[in-house]
Structures are given as C-alpha cells and as structure tokens.
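*Asks:* Got a structure for you, questions after.
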Amino acid sequence: MAAVELAENVYWVGVVDWNVRDFHGYETRRGTTYNAFLIIDDRTVLVDTVKHPFKEILTKNIRELADLEDLDHVIVNHVEMDHSSSLSHIMQQAKNATIISSRRGKDGLTKYYGENEWDFQIVKTGDELELGSRTLQFVEAPMLHWPDSMFTYLREDRILMPNDAFGQHLATSQRFDDEVDQSVLMDEAAKYYANILMPYAPLIVRKIEEVSKLGIEPRIIAPSHGVIWRSDPGKIVSSYLEWSRGKTEKKAVIIYDTMWGSTEKMAYAISEGIMAKGIEVHLFQMRKSDLAEILKEILDAKAVIVGSPTLNSSMFPTMSAFLNYATGLRPKGKIWATFGSYGWGGGAVRAMNKRLTESRFEVSEPSLRIQYAPSVEELQKCREFGERIAKEFPLSKV
Ligand code: FEO
C-alpha cells in the first residue's frame with residue numbers, strides 16, 4: 001500500500017500485515033499494521049520502522065516521497081521488533097541519519113542489533129527537535145509498552161505518535177478511524193488494550209494526565225498499529241481512561257473446560273442463574289476459545305467465573321494456562337468465583353483458588369464442587385450459585 005497523507009508533508013509509510021494470526025500468542029484474527037510516518041520539512045524524519053519481512057515495502061513507500069540518503073533522523077519510539085527490526089536495513093541506506101530514542105531505547109537497540117556506528121541522540125520528556133517550520137516534542141512513556149517506549153508529538157500539526165498506545169490489531173485498506181466499521185474498530189481497540197496494556201492501567205491514567213499538562217492536545221492520534229484516530233481522538237482517550245479505571249458493566253464471563261460434560265453442565269446452569277437476574281453472560285470453553293477474545297470480554301465484565309474438572313489432582317491444563325495468562329494481565333475490580341466437577345479426591349477448585357489468591361485476587365463466593373455428574377438437585381445448586389454471584393453486582397454501573 002502506497003504512502004497516505006495525514007497532513008501537509010506528513011505521511012503514513014507503514015505496511016499492512018494481512019496474514020499475521022499469532023502476535024506473540026495473541027490471536028490476531030484480523031491481522032495488523034505496522035505504522036511508520038515520514039515528516040518532510042527542512043529536516044526529514046522517519047518515525048518508527050516496521051517488522052523485518054516488510055522492510056522493502058517500507059523502503060518503497062519512503063522512496064516515493066524522499067531519498068533515504070536525505071533522512072536526517074530516524075525516531076525509534078519503541079524497541080520491540082515489530083517496530084525496529086527494519087532499522088538496520090533503513091540505516092544502511094540512510095547514511096546521514098541519527099537515531100533518536102530514549103536512553104533505554106538506545107540500550108535495547110544495541111542489545112538486539114549489536115554495537116554499530118549509528119549516531120544516537122538520546123531524548124527525554126520535554127526535549128524538542130526543530131525541523132524547520134515545525135517542532136517535535138518527546139514524552140517518555142515507560143511500560144507503554146516496554147521500559148524504552150516514548151511518544152513523539154508534532155506540535156504544529158497536533159499529531160501524536162504514541163507507538164503501541166491506542167493501537168488495534170486490525171488490517172484494513174483504510175487508514176483512518178472514520179473509514180472503518182466503528183464496532184469492529186472499538187472491538188479490536190478493546191482487545192488490544194486488554195491483552196497488551198491492561199497490566200499498566202495506573203501508568204496509563206497518569207500518562208494521559210501528564211500529556212495533557214504538557215499542553216499536548218492532539219488533533220490526530222497516530223498509533224503504530226491499526227487505523228489512525230482523526231475524526232474523534234478523544235474517543236479512544238476516554239475509552240482508555242474508563243478501561244484503566246476499571247469501569248465495568250452488568251456482565252459476567254464464565255470460562256471453563258470439561259472432560260465428560262459435567263463441568264460444562266455446571267457452567268450452563270450457573271449462567272442460567274446469572275441471566276435470571278438480568279445480567280449479560282459470556283461462556284467460553286477454553287479448549288475451543290481464543291484467549292485474546294476472552295480477555296477482551298473480561299475487560300468490562302464485573303464477574304469472572306472459572307470452572308475446571310479435576311485431572312491428576314489439579315485443574316485441567318487449559319485452565320492453568322488461562323489463569324496464568326489472565327492473572328498476569330491483572331484485570332481490576334472483578335468478582336472471582338470457581339467451580340468444578342471431580343471423580344474422587346478432587347483438586348481442581350483448590351488449585352484454581354490457590355492460583356488466584358497467590359496472584360492476590362479474592363475468590364468472593366465459596367466454590368462449588370460436584371462429584372461425577374451433576375444431579376437435578378445439584379444443577380439447581382449451580383443456578384443458585386449463579387444467582388448469589390449476581391447479587392454481588394452493584395446496583396448501578398461502576
Ligand atoms: Fe507493537 Fe510493543 O510492540
């Protein structure tokens with residue numbers, strides 16, 4: 001895809017990765033993009049590069065607008081390889097360019113790509129770079145997404161390039177938010193936040209406040225993945241604040257796995273009890289479901305209910321993988337509950353509760369265990385279990 005103009009002499013020169021389906025474990029069923037930007041002024045600047053297999057497309061897109069030999073600066077907002085693995089290729093041609101990055105950015109690039117003769121310019125929050133008629137301003141943003149991350153702001157055009165923040169894994173032939181289906185866009189933005197940025201929620205709130213105090217009021221937010229927010233950049237900022245502050249809906253997510261159907265019967269009966277109280281429920285059998293999609297549903301759910309049969313005195317391996325992933329992402333303000341079936345000694349519920357409490361999540365409702373297959377009376381107990389969880393929901397949205 002050829003370069004696309006964001007503002008006068010400011011261009012998207014990135015690539016669309018239609019076929020990526022596994023982004024370090026995150027199932028990207030709609031692909032992604034690696035966004036890079038070219039700013040042409042008295043000085044010519046490339047902001048970020050792309051994943052290595054696409055380096056020739058990036059080079060072609062830049063060459064439509066400028067010679068690589070004329071690049072003065074290559075800004076590396078983030079070291080992760082989806083953005084930096086074409087850097088060596090670009091720098092081989094951009095003989096006169098300096099690399100601009102955070103201190104940790106330089107350390108990371110040197111570790112990944114070895115000692116070399118690149119000229120670095122280290123920047124920190126508040127530093128500026130005059131390009132001629134325009135100015136770049138830098139804001140360090142550690143842990144959004146890695147310690148090296150930073151935002152670059154093109155002040156006169158009010159374009160914020162925050163790299164991973166505000167992104168979506170969404171491959172489209174359109175480049176802007178107003179050109180795509182809004183429900184798909186927000187679905188992918190929420191999934192991206194839940195699976196990549198959720199552990200850093202407190203930092204996100206503070207960073208948004210800091211950016212505002214610096215007088216940065218973007219007209220366009222151009223992240224490094226997905227479409228560019230130009231019609232209403234405030235929409236994604238507000239969503240990030242809501243997600244980061246743990247806003248939840250009247251919604252429960254049940255995640256379970258099953259061996260011979262008993263835990264599944266329990267899951268369905270529990271869902272009936274919750275739904276009877278007017279609460280939205282999403283059910284996922286772990287072996288048939290996509291982790292990234294589950295985490296997206298958990299993002300704004302008030303209750304997370306986890307079920308497993310006992311296998312070898314512990315939980316089912318898929319449920320162990322789920323809890324490992326979900327607790328690492330640290331979803332905030334949830335009601336957690338566990339249930340499961342067993343044959344003789346049991347152990348799944350105990351193992352799930354241990355995992356949750358070790359991760360400092362409180363299991364609010366006494367767990368429900370049923371031997372072999374649930375009887376009619378036991379299925380009724382499952383419904384009542386669901387109803388009791390529903391009663392813990394606040395009367396209004398929080
Ligand atoms: Fe898109 Fe943290 O890399």
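The values are calculated or read from the model by the stated rules, or taken from the named source; none is laboratory data. All of these numbers come straight from a predicted model, not from anything done at the bench. Every residue, glycine as well, gets a Cβ built from its backbone with ideal geometry; the counts of neighbours run over all protein chains shown. The protein model used for the area step is the full one, side chains on, heavy atoms only, and it has no ligands, DNA or RNA in it. Shrake-Rupley method; radii C 1.70, N 1.55, O 1.52, S 1.80 Å.
*Asks:* Tell me, yes or no, whether the range 187-206 has at least one residue that is open to solvent by 10 Å² or more (accessible area, probe 1.4 Å) and over 21 Å from the mean Cα position of the chain (by Cα).
*Replies:* No, there is no match, as no residue in the range 187-206 is open to solvent by 10 Å² or more (accessible area, probe 1.4 Å) and over 21 Å from the mean Cα position of the chain (by Cα).
*Asks:* Working only within the range 88-106, note down all residues that are within 16 Å of the ligand (Cβ to nearest atom) and more than 16 Å from V47 (Cα to Cα).
*Replies:* R104
*Asks:* Could I ask something else about it? List every residue pair whose Cβ atoms sit under 9 Å apart, with the two residues 6 or more apart in sequence or on different chains, where the first one lies in the range 202-217 and is within 19 Å of R230 (Cβ to Cβ) and the second, anywhere, is aromatic (F, W, Y) and open to solvent by less than 50 Å² (accessible area, probe 1.4 Å).
*Replies:* Sorted first by the residue in the range 202-217, then by its partner, the pairs are I208/Y240; V211/F151; V211/Y153; I216/F151; I216/Y153.
*Asks:* Right, here's the next one. Considering the range 55-88 alone, what residues qualify as being part of a loop (DSSP other than H, G, I, E, B) and either of a type in the set (S, T, Y) or crowded, with 21+ Cβ neighbours inside 10 Å (or both)?
*Replies:* L71, V76, N77, H78, V79, S85, S86
*Asks:* Could you look through the range 154-186, keep only residues that are buried (at least 24 other Cβ atoms within 10 Å of the Cβ) and on the phi > 0 side of the Ramachandran plot, and pick out the one that is nearest to the ligand (Cβ to nearest atom)?
*Replies:* Going through the qualifying residues, I end up with N163.
*Asks:* Scan the range 65-87 for residues that are among the hydroxyl-bearing types (S, T, Y) and away from the ligand (no atom under 12 Å from the Cβ) and jot them down.
*Replies:* If the condition is that a residue be among the hydroxyl-bearing types (S, T, Y) and away from the ligand (no atom under 12 Å from the Cβ), then S86 is the only one that fits.
*Asks:* Return yes or no: is A267 within 25 Å of S367 (Cα to Cα) and away from the ligand (no atom under 16 Å from the Cβ)?
*Replies:* Answer is yes for this residue.
*Asks:* Only one of (1) more than 16 Å from the ligand (Cβ to nearest atom); (2) part of a loop (DSSP other than H, G, I, E, B); (3) under 27 Å from the mean Cα position of the chain (by Cα) fails for E115. Which number is that?
*Replies:* (3)
*Asks:* Output yes when any residue across the range 257-279 is touching an Asp or Glu at 6+ places or on another chain (Cβ under 9 Å) and without any contact (Cβ under 8 Å) to a residue 12 or more places away in the chain, and no when none is.
*Replies:* no
*Asks:* Would you pick out the residues in the range 96-151 that are within 27 Å of D67 (Cβ to Cβ), among the small types (G, A, S), out of contact with any strand residue (DSSP E or B) (no Cβ under 6 Å at 6 or more places or on another chain) and touching a residue at least 40 places away in the same chain (Cβ under 8 Å)?
*Replies:* Within the range 96-151, S101, G105, G132, S133 qualify.
*Asks:* Answer yes if at least one residue in the range 143-153 is away from the ligand (no atom under 13 Å from the Cβ), open to solvent by 60 Å² or more (accessible area, probe 1.4 Å), over 19 Å from the mean Cα position of the chain (by Cα) and of a type outside the set (S, T, N, Q), and no otherwise.
*Replies:* So far as the range 143-153 goes, no, none of its residues is away from the ligand (no atom under 13 Å from the Cβ), open to solvent by 60 Å² or more (accessible area, probe 1.4 Å), over 19 Å from the mean Cα position of the chain (by Cα) and of a type outside the set (S, T, N, Q).
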